[in-house]
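K.L.:
Before anything else, here's the structure in question.
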Amino acid sequence: MKFGIQVNEGPYTHEASVSALNFVKAALDAGHEIFRVFFYHDGVNNGTRLTTPPQDDINIVQSWSELAEKHNIDLVVCVAAAQRRGIVDEGEQERNGKDANNIAPGFRISGLGQLIEAGIQCDRLVVFGD
Amino acid sequence: MSTLHTVNKSPFDRPSLQTCLRLAGKGNAVLLFEDGVYGAMQGTAVADTVKEALGNVSIYVLGPDLKARGVGEDKLIDGIKVVDYKGFVDLTVENDKVNAWL
């Protein structure tokens, strides 16, 4: 079955991101396909490679990046939510005249249409948030 | 058409569980996870509401989140079923839609 996942919370605010990670891993283990993970609202904070949690903490951003690379998962960060919160890729850096970018490996910035498409294309859309 | 309702907050933090149980259709499934697992415990202020709802919906609770909070399965209301993450995935497959009560 084809799954779309929506994450509305940042990596270290509530449990949503870790729950979503666990769900995605379990779905992949069961042979399902993860069509896309869409990070919305504070969920965009999952997409900065500048996150540096203490060594004995789970590195949630890195976990997403590794999972995306291993299973070729499309991790999409909402552009409007990202702009508000300072999540920037090369294209956004240039477009908005910023001096740096911080998007984590495996993530890309795009629009809300990507969430709508996931809702249409997927058999199930599962939402994790606060 | 069956719906899986997910509730991830404690019923003592906000009323999402109570609202969900009031509005869920007959034969629907409800999964309690994260702090939502407190709604599955015996003897709480919402336990009677949850017990009553079991006549209308199937209620499941996520085992790893119970364990994280030190809630033993012997503390659960009779009739509530414990599932792991694979069981969570299976519930989303068995039901036609998934509705998160955020």
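Every number in this text was worked out from the coordinates using simple rules, so none of it is lab data. What you see is a predicted model; the values in this text were computed from it and never measured. Here the Cβ positions follow ideal geometry from the backbone for every residue, glycine too, while neighbour counts run over all protein chains shown.
K.L.:
Restricting to the range A:112-130, count the residues that are more than 22 Å from A:Leu67 (Cα to Cα) and in contact (Cβ under 8 Å) with a residue 24 or more places away in the chain.
P.N.:
Qualifying residue count, the range A:112-130: 2.
K.L.:
Now a separate question. Considering only helices (runs of 4 or more DSSP H) fully contained in the range A:35-130, which possess at least 2 residues that are within 14 Å of chain B (Cβ to nearest Cβ)?
P.N.:
A:113-121
K.L.:
Look at B:Asn56 and say whether it is in contact (Cβ under 8 Å) with a residue 24 or more places away in the chain, away from chain A (no Cβ under 14 Å) and in contact with a Lys or Arg (Cβ under 7 Å, 6 or more places away or on another chain).
P.N.:
Answer is yes for this residue.
K.L.:
Restricting to the range A:94-116, give me the number of residues that are touching a Lys or Arg at 6+ places or on another chain (Cβ under 8 Å) and of a type outside the set (A, V, I, L, M).
P.N.:
The qualifying residues number 3.
K.L.:
What is the number of the single condition among (1) away from every other protein chain (no Cβ under 14 Å); (2) within 10 Å of the chain's Cα centre (by Cα) that B:Leu32 does not meet?
P.N.:
Of the numbered conditions (1) away from every other protein chain (no Cβ under 14 Å); (2) within 10 Å of the chain's Cα centre (by Cα), the odd one out for B:Leu32 is (1).
K.L.:
How many residues are more than 9 Å from every other protein chain (Cβ to nearest Cβ), aliphatic (A, V, I, L, M) and over 19 Å from A:Arg85 (Cα atoms) when one looks only at the range A:1-17?
P.N.:
Final tally of qualifying residues: 1.
K.L.:
Residue by residue through the range A:32-58, note down the ones that are closer than 27 Å to B:Asp90 by Cα and of a type outside the set (A, V, I, L, M, F, W, C).
P.N.:
A:His32, A:Glu33, A:Arg36, A:Tyr40, A:Gly43, A:Asn46, listed by residue number.
K.L.:
I'd like the full set of residues that are in contact with a Pro (Cβ under 9 Å, 6 or more places away or on another chain) and either in contact (Cβ under 8 Å) with a residue 60 or more places away in the chain or under 12 Å from A:Ser63 (Cβ atoms) (or both), limited to the range A:1-30.
P.N.:
Matches in the range A:1-30: A:Pro11, A:Ser17, A:Val18, A:Asn22.
K.L.:
Also, I was wondering about something else. Hey, could you check the range B:20-42 for residues that are out of contact with any strand residue (DSSP E or B) (no Cβ under 9 Å at 6 or more places or on another chain) and in contact (Cβ under 8 Å) with a residue 24 or more places away in the chain and say which is farthest from B:Val71 (Cα to Cα)?
P.N.:
Filtering the range B:20-42 down to residues out of contact with any strand residue (DSSP E or B) (no Cβ under 9 Å at 6 or more places or on another chain) leaves B:22, B:26, B:35.
Imposing the further condition that a residue be in contact (Cβ under 8 Å) with a residue 24 or more places away in the chain reduces the set to B:26, B:35.
Values: B:Lys26: 28, B:Asp35: 11 Å.
So, considering only residues that are out of contact with any strand residue (DSSP E or B) (no Cβ under 9 Å at 6 or more places or on another chain) and in contact (Cβ under 8 Å) with a residue 24 or more places away in the chain, the one farthest from B:Val71 (Cα to Cα) is B:Lys26.
K.L.:
Would you pick out the residues in the range B:84-96 that are in contact (Cβ under 8 Å) with a residue 12 or more places away in the chain, at the interface with chain A (Cβ under 8 Å from one of its Cβ atoms) and more than 17 Å from B:Asp65 (Cα to Cα)?
P.N.:
Passing the criteria: only B:Thr92.
K.L.:
Identify all residues within the range A:82-110 that are under 15 Å from A:Gly43 (Cβ atoms) and among the polar types (S, T, N, Q); write none if there are none.
P.N.:
A:Gln83, A:Ser110
K.L.:
Looking only at the range B:73-83, decide whether some residue is in contact (Cβ under 8 Å) with a residue 12 or more places away in the chain, under 23 Å from B:Met1 (Cα atoms), buried (at least 19 other Cβ atoms within 10 Å of the Cβ) and under 13 Å from the mean Cα position of the chain (by Cα).
P.N.:
Checked the range B:73-83: at least one residue is in contact (Cβ under 8 Å) with a residue 12 or more places away in the chain, under 23 Å from B:Met1 (Cα atoms), buried (at least 19 other Cβ atoms within 10 Å of the Cβ) and under 13 Å from the mean Cα position of the chain (by Cα).
K.L.:
For the range B:35-49, which positions are closer than 16 Å to B:Leu4 by Cα and away from chain A (no Cβ under 14 Å)?
P.N.:
Matches in the range B:35-49: none.
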